[in-house]
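The values are calculated or read from the model by the stated rules, or taken from the named source; none is laboratory data. Note that this is a predicted model, so its numbers are computed, not measured. All Cβ positions, glycine included, derive from the backbone under ideal geometry; neighbour counts span all protein chains shown.
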């Protein structure tokens, strides 16, 4: 009898493991299809614009040589090559006369922020070999330091912004935690989107001469998602008023905005339905791994910095799962989903 029960459990574990592998393969296939879909759309939309721009540049170059017959084509090629190379390092031949420097203190602070948050616009890069070597060492230490700082900040904000309000509404009015958590996450996402996307976009569209509202929202999204393409960088126009103060304000905006976005992502990641959905893609070998999961407490968690600190009764109450299921959930301090 016990042997038959053991065989049954083994078969169930094997079926569950094979099902998890199938789900993962479907996830990988869906991701590859999504990548291919994005490449197809980008190619079909952007390739005609690139072709038109190439033709326009060829026509401008031919017209310039016709209007200046004394200029040799090879000399023009060398000049343009040097100008483009300098432009890649953030030095423009058009704007140098304005006295705008890329490596004053505020610009360097803005550069350091974009490096450590992995935004990396690429509009300004180190020119010297010493600067490049220092950038690598600085990033090697600074990026994990930044992750630790953001993880600690997000963990503390989550207690006051997410867990306590949900616990209070659940206790005060008796609404189910899952419903309260979902409504809270949606409202929080709407609030953060308004405060850190739409409002700053309206400000940028007024301060930047060449940006419309869509381009300003595009910059906010590219920046706070740490994509950082670098095609739009604020404070780079000629005769920018209060440029140092403007750059400092943008630096503060990036740090606060990134923290707010991480709080929203972590709030959504604590939804019970989302955690249950993620579990189907995890690899589980036995009962122990079934409880702990491969990624630790069912989150993409950053290593805890206070694992040895005892948890008080109030903290345990705040860290209760957003469900009424029998499986206890322990919050991993410092976890972020980026």
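Name the helices (runs of 4 or more DSSP H) wholly within the stretch 216-319 that hold at least 1 residues that are modelled with pLDDT of 95 or more, assigned by TED's automatic domain parsing to the domain that holds residue 119 and under 20 Å from the mean Cα position of the chain (by Cα)?
On the way: elements: 243-269, 272-279, 287-292, 313-318.
Helices (runs of 4 or more DSSP H) meeting the threshold: 243-269.
Answer with yes or no whether residue 193 is under 17 Å from the mean Cα position of the chain (by Cα) and in a helix (DSSP H, G or I).
It is true that residue 193 is under 17 Å from the mean Cα position of the chain (by Cα) and in a helix (DSSP H, G or I).
In the set 174, 130, which member is on the phi > 0 side of the Ramachandran plot and surrounded by fewer than 13 Cβ atoms within 10 Å (Cβ to Cβ)?
Sole residue among the options that is on the phi > 0 side of the Ramachandran plot and surrounded by fewer than 13 Cβ atoms within 10 Å (Cβ to Cβ): 174.
Could you list all residues from the stretch 58-72 that are loosely packed, with under 11 Cβ neighbours inside 10 Å and part of a helix (DSSP H, G or I)?
Hits for the stretch 58-72 are 58, 59, 60, 63, 66, 67.
What residue, of 145, 149, 134, 198, is under 22 Å from residue 253 (Cβ atoms) and more than 17 Å from the chain's Cα centre (by Cα)?
198
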